[in-house]
Structures are given as C-alpha cells and as structure tokens.
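The values are calculated or read from the model by the stated rules, or taken from the named source; none is laboratory data. Just so it is clear, the structure is predicted and the values come from calculations on it, not from any experiment. With ideal geometry, Cβ positions are generated from the backbone for all residues, glycine too; neighbour counts draw on all protein chains shown.
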Amino acid sequence: MSLIQEIDFGTPPAKSENLVTLTIDGQSVTVPEGTSIMRAAMEAGTQIPKLCATDMVDAFGSCRLCLVEIEGRAGTPASCTTPVAPGLVIHTQSERLKKLRKGVMELYISDHPLDCLTCAANGDCELQDMAGAVGLRDVRYGYQGENHVFAEAHGKANAAWMPKDESNPYFTYDPAKCIVCSRCVRACEEVQGTFALTISGRGFDSRVSPGMSESFLGSECVSCGACVQACPTATLTEKSVIEIGQPEHSVVTTCAYCGVGCAFKAEMRGEEVVRMVPYKDGKANRGHSCVKGRFAWGYTTHKERILKPMIRESVSEPWREVSWDEAFAFAAAKFRAIQGKYGRDAVGGITSSRCTNEETYLVQKLVRAGFGNNNVDTCARVCHSPTGYGLATTFGTSAGTQDFDSVEHTDVVLVIGANPTDAHPVFGSRMKKRLREGAKLIVIDPRRIDLVQSPHIKAQHHLALMPGTNVAVLTAMAHVIVTKGLVDEAFVRERCDWSEFEDWAAFVSLPKNSPEATAIYTGVDPTELRAAARLYATGGNAAIYYGLGVTEHSQGSTTVIAIANLAMATGNIGRPGVGVNPLRGQNNVQGSCDMGSFPHELPGYRHIAGDAVRESFEAMWNVKLNKEPGLRIPNMFDAAIEGSFKGLYVQGEDILQSDPNTTHTVAALSAMECVIVHDLFLNETANYAHVFLPGSTFLEKDGTFTNAERRIQRVRKVMSPRNGLADWEVTIGLAKAMGIEMNYTHPSEIMDEIAALTPTFAGVSYAKLDELGSAQWPCNEKAPEGTPVMHIGGFVRGKGKFVVTEYVATDERTGPRFPLLLTTGRILSQYNVGAQTRRTDNIVWHEEDRLEIHPHDAEQRGIRDGDWVRLASRAGETTLRALITERVAPGVVYTTFHHPDTQANVITTDYSDWATNCPEYKVTAVQVSPSNGPSEWQKSYEEQARRSRRIAPVVEAAE
Amino acid sequence: MSPDRLIYMANQIGKFFQSQGHDKAVPGIAEHIRKFWDPRMRSAILAHLDQGGAGLDANVRDAITTLKQT
C-alpha cells in the first residue's frame, strides 16, 4: 500500500467540446478549448512549477512561478492564466525561465522559516518541492530585513509577526509560514462558498485573515477543511498531522455521516488514522468535505466505546461483560423462548441506515429467514419512508432521480423542507456554487435557513409557510401552473397518464386551492407564491431538493406526491439539471431501504406477497418465508405495549432518543423481555436493553454505502475492529446461535447474493466498484455502468401517475394551552442523536440544543436570550436555553435534537404520516415559559440512565 | 392492538383517498391496509368492525368490509 496522490492539474478542467491542438516541449497535445497551458502540459505529463495554482480553484496568476515561453509571443506569461490556442508552440524550460523562477523562489524563501526538519509539512510541502524543482541553492537576501518569520527582530518585538492561531480544534494557522498564495481564500470562496477568509492589507502587509482579523474559531469559518487542503505549506495544518506526523499509506473509503456520501482517503500510519482527506475522484463530493467527515472521526477511539459484549437479566441490574459466544447464546435463547411463549411474530429487528448494505441485508435476512416473520424495519421509517411511498406511486421506484452533478445544469433550484448547508453541507456547497453562477432559488421553509441569504446568494422567493402546510402550498403552486397555462403538455401527453393528469388538473384548479384561498392557513403571501410557481415552471431546468421538512408530517407522503406532480406537470424529469431529489439524512438511508429493510418489501422494493420474488429468496435461502407484511417501528412499539411484541434486535439506531414521544418509547421498551442493542456506545436505548453487542466503526470493516443519488460506494477497512468483530460478523454470530447458517467469509460474498436476487443490483460486484470507483443503481445488463439520471424517455412504472393531493390539516393543533408550533432540525457540526459527534471536538460549535424563538414571542413571555425555558407539549415537557432570533417567524419555535439531556423527543407526538407511519416531528404544538432548571422528567431520566449504565466489575477467579 | 389508534390510522388513510370518490377510494384504502398492515393489526381492525366499527369513516368501513371478504 502507498499514499494515494491524485494528480494536480493546476487548474480546473475546461468543459468545451471543441478540441485544440498545440505543442508543448516538442510534444503535440490536444485538449478542450479553454484549458490552461498549465493543465495541458500536465495532461502531457509535464509539471510546470507552481505555487498559487491548484485544480480545486480557478487560476489566479499571482506566484509567477509557472511562467512559460510561447513562440511568437512576447514575455513570459503565467501558464495557469493563459488558455491554449491552436498551433501554439510552448516551452516550459529555458535559461530565462529558470532564472526567473529561481529569483521568485529566492524571494519567497527569504521570508519563510527554515525549520523544515521540524515542520509538520515536512514531506508534504509544495514550497519545499518547488525550491527543489527550480534548483534553489542560495538565498542572497538573508533574514535580517523585514519579515513575518521571527517574533523578535534586532532585540525588539516584530510587529509583522503573528502568533499561531490554534483556536480551531482541528487545524492551526501559522501566519509565519504563509506565502499569501490565496489558495485558502479561494477555496473558502469557490469550493465551500462561505467567504470566511480574505487577504487583509496590501503588499508586504498582506496576510490571510479569518473574518475581520478574528480567530478561526471566532470567524464565520465552518471548518470544512478546504483551506487546509489547499494550503501548499504548513500555514494551515491538521493538528493530527502535527501530533502524529505524515501518513505512509492511504485507503479510499466513504464517509459514515450524511447521505451525501463523500469519498475520503483515510491517510494512515499503520492502523492509526492521521487524517481524512476528501478524495478528488469521489463523484459525490468531487474533492470537498465538511467538518464532520473531514475531522469528526475521533469517536472511533473514544474511551466510552464499548468493546466487550454484555448481558443482564433485567435493566435494573448492572451489565455483565461476557464472551461473544456467551452473549450470542444468551440472546438466541431469549429470542427463541419469547417465540415459544408468545408466538413467532413476537420478535423483530431494526436495521441501521448507518451500517453497510451488506450488514443491513443480513439483519433483514436474519429476521425473515431466521425469526420467520417480517418484523423488520429501519430508521428510514422515521425519515424518508414517505419518499419511498410517494415516488414509487408516481414514478414507479423509490429513489432520487438525479446525480449530484446534475445541479451544475440547473437553472431554478427549489429547496423545500431541507437545509443543505447544515445537513448536507458538501452538496450545499455545490448547490451554492451553481447559485453564484446565476441559477435562481426558491426556498419553502418555515425558518430562514442560511441559503435564503448568505454571501453572494439570495433566494428569489422565500415562502415561509406555517409548519404542516406543505401540501397546501405545493398544490397552490400547481394551481398557478395549471390555471396560467404553464403545463408542459407535450411532456405530460407523452410520458404520463393523461386521464389521471386531467383529474389532477381539475382538482388543483379548484378555487379552494388558489394561493389566495390557502394563504389563510399557510401564511404565504399569494403574490410571492404565484411568482415562485411561475419561476419554477418557466425558468429553464428546474430541480426540487427536499428533506425531512417534507416527509416528517402527517401528510409526508402526500407532499412527496405533490412534488412529483409538479415535476411531471412542468416536464422537469428525465434529463440532467431537473428532477426530484430527496436529500437523505444518514449515510445509508437509501441503501437500507434498497436492501429490503421495510417490513413489506424484499430487497429491490418488491412486495413480500409477490410469489415469484418471494420464491427466488426462498430458493436461495433454503427456507419458507412468511408472505404477510410485518410491523413497522411505531407498530412494534404499540404491539409491545399491548403485549404481543417482546423481543427486538436493534442495530445501530438509538430509537429512544430519535423516535418521537419518548415516554411512549420508554413504555414500549420497558414492556419487552429482551432488547438487543448493537452499537458503538451505551446509547439511550441501551438503558432499556438486556444484551449489548459492541459495534464496529466504518473504519473497521468492509462493505458499501449507497448515498442519496443511488451511488453505491465502497467502505474499506483501514484498521482491525477494536471490538473484535465487524458488524456483519456480529449478525452472523447471532444468526448461528439461533441455528441459521450464514456462510460468508467476506462482505463481497454478501453483495454477490444481493446482486443475484435483485435486478437493479444485478451488475454490482466489488470488482465492478473497484474498477469504476462507484456505480448508481440500476446497475445491470441494460446499464452496466449504472444510471446517473433516471426516467430518461419514460418512467420506471410506464406512464407517470398524477395523484390528487388534498390538503388535510394535522390534528396537532395550537390552542390556548399550546399556542406555538415547534419544528426541529439539524446543525452543521452535529449529527442526529450526536452519539458520534458529541464525542468529538465538534462540541465546541454546539455544546447544547437551544430553543430558537422570535423576539416578539420571547418578550411576551419575559424570556431573555440564554434563559432556561420550559418547553411543554401535550406529550411531555423538557427544559433548555432560549436563543432569540428572527430566523423563526412569530408563532414558530425551533430546536435541534443532538443532545440526550435535552430530549427534544419528549415533546414530539405520536402523530404520523398517513401512509407510512413516519412520525410528525416537524409540527408540535407547544408552550414556552421561563424555568429554573431541569424538568422532573429530565431528573428521573438522568437517574435511570446513570443506574442502567453501570457495568459490574470483573471478579478475578481465586487461585 | 388498541383499536383507537388503528381507527385513527385507518381514517387517516381514508382522508387521502377521499377526493378520489367512493369507487376508487374503497379499493385504494383496502389495498393500502392489506399491503402495509401486519396481520395482527388487520385482525384487530376487523374485530372492531365486527363489533360495530364505531368511529370508522364511511369509505374506510366499506374498505375494511371488503378486506373481510378476501
């Protein structure tokens, strides 16, 4: 193994289809028009010396190192800023160029410390490389003059020197080593789109400045790491590199946080991760990252990780550490006893959207083939199950229609119920790049998310609707599109069922669905809504991106259908730049759904009642399968409380913290006789568990994740599992203890089985993924390299299906006791229940959940910023501190749910989506009032958690 | 399982299909329940129907009646 080094072509690729041929150093080179000479040379294998150029950002032309000579042209132009032209004859090396470059380097080095041996960038320093490349042997200017290098000069303090900024937990900024190449500033602008960095001062005073000469941590910096990646010296360096040293080998793998699925190089020294660097050839992230994937992997070695299996008879006892075999035998005996006593259907399992496809597949196989029922569900139940229902109904399959690259061809971006810059930050950056290029933006969200207005981006329309009225707003948009004749009739006639369209068009045209009629309860200005609808229908390629603000409602599925209706009516389906794009919450939500995690569906979204499909699985697994759908997560809880569901195997999900109405979840878990938690940490659910099977992290196992664009990517093991077994091996161990043979020696064999049984995965294998880097399903005979854009030329189901979307108000209503609406969401630095990110330094950005409340509502209640407040709903109450902000409208409050001591889900209710039982997290009627401290619930919960987490000391056997 | 919760869920499904008219709504509701409800949930709602089916909306009641016949 060696360190993977992607080629740096110096400038980004040109997109032109016209080709230009020129001669560089006597070699003929043909490249697309618009390519820089620097890039063309690199394509031909010649690396022109450079410092300020790197292909992640546009050419800048400041370092004057990449000069070339062009026959027939005067001077020595910079090759990074000079485009190719037909017939040019270029020389990259000459006496004149050598002298010029050496002179430039001499000047750079005259203001740079010569501590190379002890420098963190030693072995990875472009300045050092360039000094070598130009043959620098001497610096004639000495170090006595003005400089940024030394704290003192001539016995006095050096005003030009600045100390290291170590405020960011993950990287340092050492101004003494800066060569002011602006790569960091440009990466922050062009790649990340945050504009946190600038160059302050002029000439010799120039220096990189976060914000207005603030510390990195105190500035707007979002710690994405792009600047650190761009820096050619040790000016911006990962603290882990400073501490450990340079890596010696690297392995390409996939991030285990959100559904963007960024590809990373895990740069290693032995089995120790030195750093995670975004992989330039990753097709989801194209070399970019966010603070979570880039830096927040410290949880993998956190001291609170549980590394030994544990069991106990009751949750009032302390845990007892046992061997794997004893834990498997204990769990298997409990489950078989429960089935013996209460019936075959009294147990079930939950697959994890954080685990690999192969692991998810095994859990559902264990349930269906081993438990003999279909009581298997996944955490996608509580996030994107309505996407499954809505898109399968209208288009014929449950998946986003595009790849992420598609956004580069989009003219109108419609974001509804999603906050990409916080929850899907790397895609958010790609979207922002397109918006800065001129694409228009419509945001439909109760809250003023960052996208509404951020540097160089301003939404054309922000429809700040009341939570719970998505269907009414989208149907009103459809009303405008139909009644104003903006429908793409040719598309609808060709691709969709015309009679269903007519029914739908007649429905949306009803006066009750007009923007004016619906404004009474949506709160959206009709003029603004009409303009937004017109823009969506007529602004060119229009793409809809949505998240859990769409799905987590009692009408979640209806909203997904309404989105699909809009896309079909305007012909925005079936080509790059358009489409319906669900932004998946977790790394493998798409994959866990694909792998048959839903109780009614086998892998590939095929209903369990279908004889032919079921029989193919029966033949492969050599077992008779139950053809009845099983229980979904909320149904499992209800059945547990009723007494017919007694045992649950939960892989990698903290249902107690993440599911709604915590009191109800506690009652359900308490009613079960055996709860098996398979996780990294003693999470909240484990407080009610009888068996704890320690999990492995994404760094410790092989497998695949499937991201929001259906892209299947490899997860590669870079270190041995600290707990001893990869998660797929744990499930196999449990299965074997229950008498079910699962003979796999490597996850690739599990994928081969998936491919053999699932038509959309038929062409997928580890060999194929290694060869292509990744593949988007469907990947089969018809599409051997996968399918970036779906529904080209026709829908998967045949004709696109329009479905009438009647607005039905949620039964969760505000009233005198609970006059405000609570909605919830995520923040950039933390991830879901926070089990991982809370155990990293990301905590410096978000150490607690805060309740966002509008100044008007706060004043009425006598609440000041930072005060402790009591947040109460019909389901329960908790306390947290207030954050007064106009981001939320009057009448709406908002919080995140990353911290278990806040327990935001004590407040949320049992209401759920009509079709899928996806909980209605996004609408809860609440009251907010001043408080003195934790609620009774919080106190008793903390005490229970403390007692439940005890681990019995191991008693040494006497001699 | 608690009939109240199942009645609520069934009526919620009914409301989605309401605007499609009785003839489409009834098979739509029935198919949805057959496809997505586990057998214990279906038997509980059928048992509730046998006891008079109080609280079920008209289309939903008809849909559950057809479920009983299949």
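If you check A:G800, A:G862, A:G815, which single one turns out to be surrounded by 20 or more Cβ atoms within 10 Å (Cβ to Cβ) and more than 14 Å from chain B (Cβ to nearest Cβ)?
Going through A:G800, A:G862, A:G815 in turn, just one is surrounded by 20 or more Cβ atoms within 10 Å (Cβ to Cβ) and more than 14 Å from chain B (Cβ to nearest Cβ): A:G800.
Does the range B:42-51 contain at least one residue that is more than 27 Å from A:V376 (Cα to Cα) and not charged (D, E, K, R)?
yes
Does A:C221 meet the test of being without any contact (Cβ under 8 Å) to a residue 60 or more places away in the chain, assigned to a helix (DSSP H, G or I) and under 14 Å from A:F171 (Cα atoms)?
no
So which of A:C290, A:C227, A:C262, A:C258 is modelled with pLDDT under 95, surrounded by 24 or more Cβ atoms within 10 Å (Cβ to Cβ) and within 23 Å of the chain's Cα centre (by Cα)?
Answer to the selection: A:C258.
Quick one: is A:K334 assigned to a helix (DSSP H, G or I), among the basic types (K, R) and either at pLDDT below 95 or buried (at least 20 other Cβ atoms within 10 Å of the Cβ) (or both)?
It is true that A:K334 is assigned to a helix (DSSP H, G or I), among the basic types (K, R) and either at pLDDT below 95 or buried (at least 20 other Cβ atoms within 10 Å of the Cβ) (or both).
So, of the residues in the range A:84-99 that are out of contact with any strand residue (DSSP E or B) (no Cβ under 6 Å at 6 or more places or on another chain) and of a type outside the set (V, I, T), which turns out to be farthest from A:V185 (Cα to Cα)?
My answer is A:G87.
Kindly provide the set of residues from the range A:926-940 that are under 33 Å from the mean Cα position of the chain (by Cα) and modelled with pLDDT of 85 or more, ordered by number.
The answer is A:V926, A:Q927, A:V928.
Restricted to the range B:12-57, and to residues that are assigned to a loop (DSSP other than H, G, I, E, B), within 11 Å of chain A (Cβ to nearest Cβ) and small (G, A, S), which residue is surrounded by the fewest Cβ atoms within 10 Å (Cβ to Cβ)?
Residue satisfying both the conditions and the ranking: B:G21.
Could you figure out which of (1) away from chain B (no Cβ under 14 Å); (2) aliphatic (A, V, I, L, M); (3) in a loop (DSSP other than H, G, I, E, B) isn't true of A:A609?
Answer for A:A609: the failing condition is (1).
The rows are residues; the columns are (1) surrounded by fewer than 22 Cβ atoms within 10 Å (Cβ to Cβ); (2) not in a helix (DSSP H, G or I).
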position: A:P386; (1), (2): no, no
position: A:T393; (1), (2): yes, no
position: A:S398; (1), (2): no, yes
position: A:T401; (1), (2): no, yes
position: A:V415; (1), (2): no, yes
position: A:T421; (1), (2): no, no
position: A:F427; (1), (2): no, no
position: A:V473; (1), (2): no, no
position: A:A478; (1), (2): no, no
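Taking the criterion of being of a type in the set (F, W, Y), surrounded by fewer than 19 Cβ atoms within 10 Å (Cβ to Cβ) and not in a strand (DSSP E or B), would at least one residue in the range A:507-519 satisfy it?
For the range A:507-519, residues of a type in the set (F, W, Y), surrounded by fewer than 19 Cβ atoms within 10 Å (Cβ to Cβ) and not in a strand (DSSP E or B): absent.
Scan the range A:864-892 and report the pairs whose first residue is more than 24 Å from A:P660 (Cα to Cα) and whose second residue is among the basic types (K, R) and not in a strand (DSSP E or B), with Cβ atoms within less than 8 Å and a gap of 6+ or a chain change.
If the second residue must be among the basic types (K, R) and not in a strand (DSSP E or B), the pairs left are A:I884/A:R864; A:E886/A:R448; A:R887/A:R448.
Could you list, in sequence order, all residues of the range A:415-441 that are of a type outside the set (S, T, Y) and either modelled with pLDDT under 95 or under 19 Å from A:T823 (Cβ atoms) (or both)?
A:V415, A:I416, A:G417, A:A418, A:N419, A:P420, A:D422, A:A423, A:H424, listed by residue number.
Checking the structure you have, find out if any residue of the range A:645-660 is within 14 Å of chain B (Cβ to nearest Cβ) and closer than 24 Å to A:E317 by Cβ.
Scanning the range A:645-660, I find at least one residue that is within 14 Å of chain B (Cβ to nearest Cβ) and closer than 24 Å to A:E317 by Cβ, so the answer is yes.
Go through the range A:728-752 and give me each residue that's closer than 30 Å to A:P788 by Cβ and either surrounded by 20 or more Cβ atoms within 10 Å (Cβ to Cβ) or touching a Leu at 6+ places or on another chain (Cβ under 9 Å) (or both).
Of everything in the range A:728-752, those that are closer than 30 Å to A:P788 by Cβ and either surrounded by 20 or more Cβ atoms within 10 Å (Cβ to Cβ) or touching a Leu at 6+ places or on another chain (Cβ under 9 Å) (or both) turn out to be A:W728, A:P747, A:I750, A:M751.
Among the numbered criteria (1) within 11 Å of chain B (Cβ to nearest Cβ); (2) in contact with a strand residue (DSSP E or B) (Cβ under 8 Å, 6 or more places away or on another chain), which single criterion is violated by A:I641?
Single failed check for A:I641: (2).
For the range A:905-927, indicate whether the set of residues that are hydrophobic (A, V, I, L, M, F, W, C), in contact with a strand residue (DSSP E or B) (Cβ under 7 Å, 6 or more places away or on another chain), surrounded by fewer than 24 Cβ atoms within 10 Å (Cβ to Cβ) and in a loop (DSSP other than H, G, I, E, B) is non-empty.
No; the residues of the range A:905-927 include none that is hydrophobic (A, V, I, L, M, F, W, C), in contact with a strand residue (DSSP E or B) (Cβ under 7 Å, 6 or more places away or on another chain), surrounded by fewer than 24 Cβ atoms within 10 Å (Cβ to Cβ) and in a loop (DSSP other than H, G, I, E, B).
Spot the failing condition for A:E358; the list is (1) under 19 Å from A:M672 (Cα atoms); (2) crowded, with 24+ Cβ neighbours inside 10 Å, and only one is missed.
All conditions pass for A:E358, except number (1).
Counting only residues that are within 12 Å of chain B (Cβ to nearest Cβ) and either under 11 Å from A:A380 (Cα atoms) or surrounded by fewer than 24 Cβ atoms within 10 Å (Cβ to Cβ) (or both), how many does the range A:555-604 have?
The qualifying residues number 2.
Please work out if A:A392 is more than 14 Å from chain B (Cβ to nearest Cβ) and not β-branched (V, I, T).
Taking the combined requirement at face value, the residue does not satisfy it.
How about the range A:79-114: which of its residues are surrounded by 20 or more Cβ atoms within 10 Å (Cβ to Cβ), outside any loop (DSSP other than H, G, I, E, B) and either free of Cβ contacts under 8 Å to residues at least 24 places away in the same chain or among the hydroxyl-bearing types (S, T, Y) (or both)?
A:Y108
Among the candidates A:E615, A:E653, single out the residue that is acidic (D, E), part of a loop (DSSP other than H, G, I, E, B) and either closer than 29 Å to A:G825 by Cα or at pLDDT 95 or above (or both).
A:E653
A:G218 - would you say it is over 20 Å from A:T54 (Cβ atoms) and not basic (K, R)?
Here the answer is yes, as A:G218 does meet what is asked.
Taking the condition of being assigned to a helix (DSSP H, G or I) and either surrounded by fewer than 17 Cβ atoms within 10 Å (Cβ to Cβ) or within 9 Å of another protein chain (Cβ to nearest Cβ) (or both), how many residues in the range B:1-10 meet it?
Selection size over the range B:1-10: 5.
Quick check: anything in the range A:345-353 within 17 Å of the chain's Cα centre (by Cα), away from every other protein chain (no Cβ under 14 Å) and closer than 30 Å to A:C224 by Cβ?
Yes, there is a match, as at least one residue in the range A:345-353 is within 17 Å of the chain's Cα centre (by Cα), away from every other protein chain (no Cβ under 14 Å) and closer than 30 Å to A:C224 by Cβ.
Return the total of residues in the range A:429-440 being among the aliphatic types (A, V, I, L, M) and either surrounded by fewer than 22 Cβ atoms within 10 Å (Cβ to Cβ) or closer than 19 Å to A:F264 by Cα (or both).
Residues that pass the stated criteria total 1.
Of all residues being within 14 Å of another protein chain (Cβ to nearest Cβ) and outside any helix (DSSP H, G or I) in the range A:618-637, which is nearest to A:D659 (Cα to Cα)? Just the residue, please.
For the range A:618-637, the residue satisfying everything is A:R632.
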